[in-house]
Amino acid sequence: MDQARTPSADRKQAEPASTPPPYYITKQQELELRIKASQGVVMNGVPTSPVIGQSTSFDDYVRQLMIPTRVLELARKASSIRFSAWETEAIRALIAPGDGEQKGLLRHILEQKAAADDSHPPYIRVGCTGRGEYDDLAAQYGYKKSQEEDSPLGDFGSPIVLELWPAQHYSPMHSHGDTTGIIYSLSGQIDVMLYDRLDWDAEKVGLLTLTPGQCAWLDGTRFAVHKVYCPMDGGSEKVGPGNLLNNSGNFAATFHVYLNPSELPLVSAAPKPKDHTRDQFTFVDEKPPHKLVQFTTYSDLSWSILRRLMADHAARIGM
Ligand SMILES: [Fe+2]
């Protein structure tokens, strides 16, 4: 019998198309990974939730039990932060596609990032301390940081980062080293895939979705390796390796905190980036042969600049 002509062989050939980036999984696998994440990952013999929440049942309580107190404290401090309607609308306008004067600063940054690195669709890191790589581009739009605003901290290793995820864009798989931190959803929706180690062939241990007010956590041994994706509507053209920029202003915003093992309370960043701290993280290159690449963390833009851009947009539209 000719195996190649059987219906099951045809289905097998069709499989690659059904396992697209960012996670290269089928719908059935996605469902299984979502169930896995909701059941918790076993730690010290106890199933533990990667998401911090208020227990609503005995099972929930068990899943919250092994979450470190340090992380709960970070989550509690973040728990009332939200993006207001005018902040969300301003960022949407700054991300939306446009030509010439209509092009917002954030779309401009995305285009430059995509041109500089075509391994995955870009996202924007806004540093709440230090300078951003594209602060000079912001100056062309008339937004300059004043000297008084310049943070005494270094440009790498900001402990707090606001991340903006255009719809359908995604990060590579990466590790946060030995840091302890939270990923708190401010606006829109993101998916987070958790892996057991930093390797292209790593086992996927769970998939979760965060919506505003929800918080995921990580530390040096738990949930440190992940990949983030914004599943919102990115427009008519599929975003992926051949098309790195969406055609939409839709986005998700997340607030990230990373503490190094040595700190509590916070101390100034070291003058040189240190390995296994938030100064340097590691990711898996999306392109074959999927090597591990170390990168010194950075910000694209300073929060003080983005805050002014948003306020000006709100003033223009009368909010
Ligand atoms: Fe991350």
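The values are calculated or read from the model by the stated rules, or taken from the named source; none is laboratory data. The model shown is predicted, which means the values in this text are computed figures rather than measured ones. Methodologically, a virtual Cβ is constructed for each residue, glycine included, from the backbone with ideal geometry; neighbour enumeration extends over all protein chains shown.
Checking each residue in the range 186-209 for being of a type in the set (A, V, I, L, M), within 12 Å of the ligand (Cβ to nearest atom) and not in a loop (DSSP other than H, G, I, E, B) picks out I190, V192, M193, L194. Does A114 satisfy being over 20 Å from S171 (Cα atoms) and surrounded by 15 or more Cβ atoms within 10 Å (Cβ to Cβ)? Spelling it out, it is not the case that A114 is over 20 Å from S171 (Cα atoms) and surrounded by 15 or more Cβ atoms within 10 Å (Cβ to Cβ). When A17 is tested against (1) over 19 Å from the mean Cα position of the chain (by Cα); (2) modelled with pLDDT of 95 or more; (3) in a helix (DSSP H, G or I), just one condition goes unmet, and that condition is (2).
Residues that are closer than 21 Å to G213 by Cβ and of a type in the set (D, E) within the range 60-99 comprise D60, E73, E87, E89, listed in sequence order.
Here is the figure for the range 296-319: residues that are closer than 28 Å to R92 by Cβ and either within 16 Å of the chain's Cα centre (by Cα) or among the β-branched types (V, I, T) (or both) total 7. Among the candidates A252, A224, A202, A167, the residue that is surrounded by 24 or more Cβ atoms within 10 Å (Cβ to Cβ) and on the phi < 0 side of the Ramachandran plot is uniquely A252.
Take E149 and decide whether it is at pLDDT 90 or above, of a type in the set (D, E, K, R) and touching a strand residue (DSSP E or B) at 6+ places or on another chain (Cβ under 9 Å). No, not satisfied.
Over 14 Å from the mean Cα position of the chain (by Cα), part of a loop (DSSP other than H, G, I, E, B) and closer than 30 Å to G45 by Cα: is that true of G234 in this structure? Taking the combined requirement at face value, the residue does not satisfy it. For the range 169-185, the tally of residues that are assigned to a strand (DSSP E or B) and more than 9 Å from the ligand (Cβ to nearest atom) stands at 5.
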